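In what follows, a structure is listed as structure tokens, so that the remarks can point back to it.
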Amino acid sequence: MSECPSVSILIICYNAQNYIEECLNSVLNQDFLDYELVICDDHSQDKTMVIINKLLNKTAVNFRIYQQEKNVGSFLNMKTGLSLCKGTYIAYLEGDDYWINNNKLTMQMKALSLKNEISAVVSQSYRLRNTKYEKYREVSKNIFFEKDLYGYTPFHSSTLVFRKDYVPKLPNYFKNCFSNDKFLYIVLSSQKPIYFLDEITSVYRMHAQNISSQTPRWKREWGQALFLLKMNRMQAYRNVGIIGRVIFKNHALSPSLHFLKKYIYRAK
């Protein structure tokens, strides 16, 4: 194992005792071996850390574990994890999701090495709701530019592998986006497009503790609008989503946008 591995597999988790073992085993079963495993736990209150340590201490995998001293939320937990990654590439995974294709990293790393004009590779996945598996979404093309990703997102973050250098140091105000994957997709695709690989590689597990399940749609839309505002992308967002339609009327800046700029969304 090289001191600076090709890939950092970043797993972020919180109270994932019912899912983390399956998640970790799906990583350990990969046939791609030049990686480090970075786990960032958001101060879990269950047995997540016990399960992680018990499982990984039995392996020869190069791993590092960081546990937050207090619950900081999904975005800041991800931000910490990204800062710990040493690899040239980062594969992103949350502790309640898992990979189902042992060739996942091999296929995606091959695509990244052959296609210098892309920032990341994603792929098809399943959505698991209760005990029912269904394809995450239908995808009709394999190249996605920034403008394609403001609203509808056709792929899931559990499939994402990206070039580390394409994600800059993250300001804390992006935590209001309420969507780690939306942030990553926009930041990555604003530099180079994202490539979609039409292979099923992962499972997105839907349950009551998902961030998307706990956060009302209007709040997610609002957070994404604020996030895009800070990136100076609001004009492109004007026809996307509920908040986009509220903020923009007749394709002109409304007083709501000026209110947001002045009072709500300031960097911290």
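Points worth noting:
- Low-density loop cleavage sites - trypsin sites (Lys or Arg not before Pro) in segment 93-146, where at most 12 other Cβ are within 10 Å (DSSP): LYS141
- FRET efficiency, 1/(1 + (r/R0)^6) with R0 51 Å, evaluated for TYR152 and LYS70 via beta carbons: 0.90
- Set of aspartates and glutamates with alpha-carbon distance to LYS141 below 18 Å, sequence-local pairs under 8 removed: GLU117, ASP198, GLU199
- The alpha-carbon of LYS86 sits under 13 angstrom from the alpha-carbons of these aspartates and glutamates, leaving out residues fewer than 8 places away in its chain: GLU3, ASP34, GLU36, ASP165.
- Separation of the ASP165 and ASN116 label points, Cα + 7 Å toward Cβ, nm: 1.1 nm
Read the figures in this text as sums done on the coordinates, not as results from a lab. Every value quoted in this text rests on a predicted model; they were computed, and no experiment measured them. Counting neighbours? That spans all protein chains shown, and the Cβs are built from the backbone with ideal geometry, glycine included.
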